[in-house]
């Protein structure tokens, strides 16, 4: 299991690698546009708020230790050039946190969501109700290419351009799903040049 997680979440920094990503469950929220971060930040706050009680629920009911996974995001645009060039106001996104291992149940998620709504409803400091798209859902990417990006998000465009203009065409591969980012560091605690983000792109082979 540890080796599998390393393959999925710790790719090399120098080169793109091909791998098969299995179907996994995620707690997720959908949205559009990221130039104004209010909606995006609201979604991220709710994701972490719902995931947080899972640790105590898992310990009490299963006797298991749940380690909180990192935030992940899917990004796409109606025009791929808007995505490649980072036109954030035109991007669609899905913020999510993986809901694994298998012993985590749907009932535990629903209980955590109910507890979170009750807890946050008691304070006026929390910004509003949970997003309507907040849900638990399975997602499969299959064959994918990924690399570890070290540095600020704005510097990702060069790597993405190299992926789409060089790596994929040279191997008869084309995109087959949404661009996926896994945020391994907290931007509020880590300097931009030291931030680590897994960049993943599902692909398919062409003849």
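Since every read-out is calculated from the coordinates, none of them should be taken as a lab result. Note that the coordinates shown come from a computational prediction; the quantities given were computed from them, not determined experimentally.
Here are the numbers:
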{"read-out": "Among 90, 189, 140: highest mean-square fluctuation, GNM of the chain, C-alpha pairs under 10 Å", "value": "189"}
{"read-out": "Net lengthening on full extension, residue 107/residue 194 (0.36 nm per residue, minus Cα-Cα)", "value": "27.5 nm"}
{"read-out": "Dimensionless Rg ratio for the range 25-139, taking C-alpha atoms and the 2.2 N^0.38 Å reference", "value": "1.16"}
{"read-out": "Computed over the range 116-196: relative contact order in percent, which uses C-alpha pairs under 8 Å that are six or more apart", "value": "36 percent"}
{"read-out": "Of 62, 108, 28, the one that fluctuates the most in a GNM where the chain has Cα springs shorter than 10 Å", "value": "62"}
{"read-out": "Sum of -39500 (n - 2.57) over DSSP H runs of 4+, divided by residues of the chain (222 nm, nearest 500)", "value": "-8000 deg cm²/dmol"}
{"read-out": "Residue-span extension gain [residue 45 to residue 13] - 0.36 nm each, minus C-alpha spacing", "value": "8.6 nm"}
{"read-out": "Cα-derived Rg to Rh of the range 1-72, Kirkwood definition", "value": "1.04"}
{"read-out": "Extension reserve of the residue 143-residue 174 stretch, reckoned as 0.36 nm per residue once the Cα distance is removed", "value": "10.1 nm"}
{"read-out": "Contact order relative to length of the chain, as percent, for alpha carbon pairs under 8 angstrom and 6 or more apart", "value": "31 percent"}
